[in-house]
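Visitor: This is the structure I want to talk about, given as structure tokens.
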Amino acid sequence: MSEIRIVAELEVLPQHREELMPVLQALVDGSRGEAGNISYELTEDLSNFCHFFVIETWASQQAIDEHNATPHFRAFVGFAEGKIKNMAVTLLKKVF
């Protein structure tokens, strides 16, 4: 199977933004170090400082499954409960 790209969109509740930042930093750093990760970027909406996009590229679905079981990903999921206003995850494949 070819690479899988993910765009994860999340909007944190404003009162939780500052406490989210170190958790996101740990998620980015840990994810970039995973064997199946090709790229992992955290971006912020220029018009809304609480609106983030995580743009990821993984070698395979197995790499994503392994990522979802890591301590840094689980820590983010645990933190996010009740602190994220909206979240959407889209899986993509390259066409050309």
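Visitor: Is it possible to state the helix-based mean residue ellipticity at 222 nm for the chain, with each DSSP H run of 4+ residues giving -39500 (n - 2.57), the sum divided by total residues, to the nearest 500 deg cm²/dmol? What is it?
Guide: When only DSSP H runs of four or more count, the value is -11000 deg cm²/dmol.
Visitor: Compute the signed sum of charges (Lys and Arg +1, Asp and Glu -1) over the other residues within less than 14 Å, Cβ to Cβ, of Ile55.
Guide: -3
Visitor: Also, quick follow-up: Can you pull the one-decimal nm distance between simple spin-label points at Asp29 and Ala75, each 7 Å off the Cα toward Cβ?
Guide: The two pseudo-label positions are separated by 0.8 nm.
Visitor: Calculate, for Glu44 and Leu91, the FRET efficiency according to 1/(1 + (r/R0)^6) with r their C-beta to C-beta distance and R0 30 Å; round to the nearest 0.05.
Guide: E(calc), rounded to 0.05, equals 0.85.
Visitor: Using a 1.4 Å probe on the protein chains only, how many percent of the accessible area of the chain belongs to carbon and sulfur?
Guide: 57 percent
Visitor: For Asn68 and His51 in the same chain, what is the full-extension length gain: residue separation times 0.36 nm, less their Cα-Cα distance, in nm?
Guide: Taking Asn68 through His51 to full extension adds about 4.0 nm, to one decimal.
Visitor: Sorting Phe79, Phe53 by accessible area (1.4 Å probe), largest first, what list results?
Guide: In descending accessible area the options line up as Phe53, Phe79.
The values are calculated or read from the model by the stated rules, or taken from the named source; none is laboratory data. Just so it is clear, the model here is predicted, and its values are computed rather than measured. Neighbour counts are summed over all protein chains in view; Cβ atoms, including those assigned to glycine, are modelled from backbone coordinates with ideal geometry. Surface accessibility is based on the protein's heavy atoms, side chains included, excluding ligands, DNA and RNA. Shrake-Rupley method; radii C 1.70, N 1.55, O 1.52, S 1.80 Å.
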